[in-house]
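The values are calculated or read from the model by the stated rules, or taken from the named source; none is laboratory data. The structure displayed is predicted, hence computed values, not measured ones. Using ideal geometry, Cβ is built from the backbone for each residue, glycine included, and neighbour counts are taken over all protein chains shown. The protein model used for the area step is the full one, side chains on, heavy atoms only, and it has no ligands, DNA or RNA in it. Shrake-Rupley method; radii C 1.70, N 1.55, O 1.52, S 1.80 Å.
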Amino acid sequence: MLSDKARPVIEATLPLVGSRIGEITPKFYARLFAAHPELLDGLFSRSNQRSGNQQQALAGSIAAFATHLVNNPGTLPEAVLSRIAHKHASLGITEPQYQVVYEHLFAAIAEDLAGVITPEIAEAWTEVYWLMADALIKLEKGLYAAQANSKMWTPWKVAAKTPAGTGAITFTLEPADDTPITPALPGQYVSVKVQLPDGLRQVRQYSLSDDAGTARTFTTKLDDGGEVSPVLHAGVGVGDILEISNPYGEITLKDGDGPVVLASAGIGCTPTASILRSLAEAETGRQVLVLHAESTLDSWALRGQMTEDVERLDGADLQLWLEEPQSGSRAGFMSLREVDVPADASLYLCGPLPFMRKIRSEAIDAGIPATRIHYEVFGPDIWLAS
């Protein structure tokens with residue numbers, strides 16, 4: 001926990017550091033990659049660096065962590081740390097890399113705040129960093145130890161490549177060697193590593209979109225701003241080998257017999273579709289409410305799978321929002337205010353960040369406790385809510 005010595009310093013300097021960290025982090029990444037260009041090969045996302053998303057994510061995580069320590073003495077933001085740890089583990093982040101990040105991050109802070117930083121301020125923010133880093137290291141060690149194998153990447157052969165709605169493709173994989181397989185839980189994801197035309201390797205996480213277990217099926221939508229999905233769509237075929245990680249992700253179906261609400265938008269339907277399939281396979285007696293939003297009906301990547309699974313469950317209901325509505329759908333964007341959501345429901349969310357913020361806020365207004373609202377954030381680690 002934050003020490004009594006550091007707390008007043010962090011309280012006093014948090015507004016300044018918070019206002020400057022958006023400028024500090026680009027300097028940090030410039031220093032980091034100048035010293036360690038190998039980190040861009042198979043670890044950091046080059047497209048996220050170009051867009052600035054990674055800088056915003058780091059800025060948000062550090063500022064939010066410090067704010068939590070100040071506002072909630074004696075506690076850590078466990079849910080958010082868990083989400084970040086799962087993302088880090090899926091990329092193979094190791095303990096020594098935290099020291100590398102610390103060295104270049106604090107050099108960037110010293111450069112940006114040269115006129116105001118003191119040894120006391122530097123010491124207090126160092127404490128914040130290592131509180132966050134040590135918590136993540138501990139979580140990540142546990143995640144690695146829980147896997148059926150100690151390998152970061154294992155080879156899987158593409159057994160099928162199937163169109164899935166406008167601009168999306170479903171990849172079905174089978175093991176390409178005898179590495180022990182960690183069973184995946186519905187809602188989890190794997191990292192997929194590909195080599196780009198310029199020789200650089202890049203990684204992206206994809207939710208396992210079918211019933212999980214030891215199978216590996218994921219659905220990707222072509223991302224015009226990304227670098228991984230174009231290679232998968234245009235350059236990978238049946239019989240090719242992909243390197244993928246063990247499964248990670250803490251947003252999985254929780255035990256219980258209460259109502260389940262699965263709310264998604266666009267390609268965010270992949271983890272909710274996996275959870276829905278597991279409920280259908282188990283012939284659950286739970287009430288299941290499936291909510292999905294799309295631009296057009298043809299854009300819905302997992303339409304067939306999800307509608308089939310809803311029909312298999314007596315207690316399931318599907319409600320659809322389309323920007324170009326058709327018979328049986330609502331027009332426009334999803335709103336929980338248009339839905340009779342059970343107050344004792346557990347809500348699972350995945351989709352664009354503005355969508356999740358909106359639906360989460362409406363869910364809380366509807367009386368669903370924040371502890372029963374679970375959401376998956378893809379791309380860089382962004383703090384949706386504390």
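Some notes on this structure:
- The requirement of being more than 15 Å from the chain's Cα centre (by Cα) and closer than 28 Å to A345 by Cα is satisfied by E281.
- Residue, surrounded by the fewest Cβ atoms within 10 Å (Cβ to Cβ), within segment 183-193, restricted to residues that are outside any strand (DSSP E or B) and out of contact with any Asp or Glu (no Cβ under 8 Å at 6 or more places or on another chain): P183
- Counted residues, segment 1-42 - those being touching a strand residue (DSSP E or B) at 6+ places or on another chain (Cβ under 8 Å) and open to solvent by 30 Å² or more (accessible area, probe 1.4 Å): 1
- Residue that is farthest from the chain's Cα centre (by Cα) [pool: residues in segment 107-126 that are outside any helix (DSSP H, G or I) and crowded, with 18+ Cβ neighbours inside 10 Å]: I117
- Checklist (1) modelled with pLDDT of 95 or more; (2) surrounded by 23 or more Cβ atoms within 10 Å (Cβ to Cβ) applied to I251, failing item: (1)
- Test: residue in segment 72-90 that is under 22 Å from A34 (Cα atoms), open to solvent by 20 Å² or more (accessible area, probe 1.4 Å) and not basic (K, R): yes
- Selection within segment 194-216 - open to solvent by 20 Å² or more (accessible area, probe 1.4 Å) and not hydrophobic (A, V, I, L, M, F, W, C): Q195, P197, D198, G199, R201, R204, Q205, D210, D211, G213, T214
- Boolean, L349 is open to solvent by less than 70 Å² (accessible area, probe 1.4 Å), in contact (Cβ under 8 Å) with a residue 24 or more places away in the chain and more than 20 Å from G256 (Cα to Cα): no
- Hey, E78 over 19 Å from S3 (Cβ atoms) and free of Cβ contacts under 8 Å to residues at least 60 places away in the same chain or not: yes
- Residues considered: S299, S329, S245. Of these, the only one that is open to solvent by 20 Å² or more (accessible area, probe 1.4 Å), among the hydroxyl-bearing types (S, T, Y) and touching a helix residue (DSSP H, G or I) at 6+ places or on another chain (Cβ under 9 Å) is S329.
- On inspection, A265 does not qualify as farther than 20 Å from A343 by Cα, open to solvent by less than 10 Å² (accessible area, probe 1.4 Å) and modelled with pLDDT of 95 or more.
- Screening F218 with (1) without any contact (Cβ under 8 Å) to a residue 40 or more places away in the chain; (2) hydrophobic (A, V, I, L, M, F, W, C); (3) more than 18 Å from L143 (Cβ to Cβ) gives one miss only, at (1).
- Selection status of M356, assigned to a helix (DSSP H, G or I), touching a strand residue (DSSP E or B) at 6+ places or on another chain (Cβ under 8 Å), crowded, with 20+ Cβ neighbours inside 10 Å and of a type outside the set (S, T, Y): yes
- The residue list S327, S295, S299 contains one member that is without any contact (Cβ under 8 Å) to a residue 24 or more places away in the chain and at negative phi, which is S327.
- One residue stands out among those in segment 34-60 that are under 18 Å from V192 (Cβ atoms) and in a helix (DSSP H, G or I): the one that is modelled with the lowest pLDDT, which is N48.
- Leading residue by the ranking (surrounded by the most Cβ atoms within 10 Å (Cβ to Cβ)) among those in segment 127-182 that are within 21 Å of the chain's Cα centre (by Cα) and among the acidic types (D, E): E140
- From the list A135, A148, the one residue that fits, being assigned to a helix (DSSP H, G or I), in contact (Cβ under 8 Å) with a residue 24 or more places away in the chain, hydrophobic (A, V, I, L, M, F, W, C) and within 19 Å of S90 (Cα to Cα), is A135.
- Search result, residues across segment 280-291 that are surrounded by 21 or more Cβ atoms within 10 Å (Cβ to Cβ) and in contact (Cβ under 8 Å) with a residue 40 or more places away in the chain: L289, L291
- Of everything in segment 323-332 that is out of contact with any strand residue (DSSP E or B) (no Cβ under 6 Å at 6 or more places or on another chain), assigned to a loop (DSSP other than H, G, I, E, B) and not polar (S, T, N, Q), the residue that is modelled with the lowest pLDDT is G328.
- Residues in segment 92-106 that are among the hydrophobic types (A, V, I, L, M, F, W, C) and either crowded, with 18+ Cβ neighbours inside 10 Å or modelled with pLDDT under 95 (or both): I93, V101, L105, F106.
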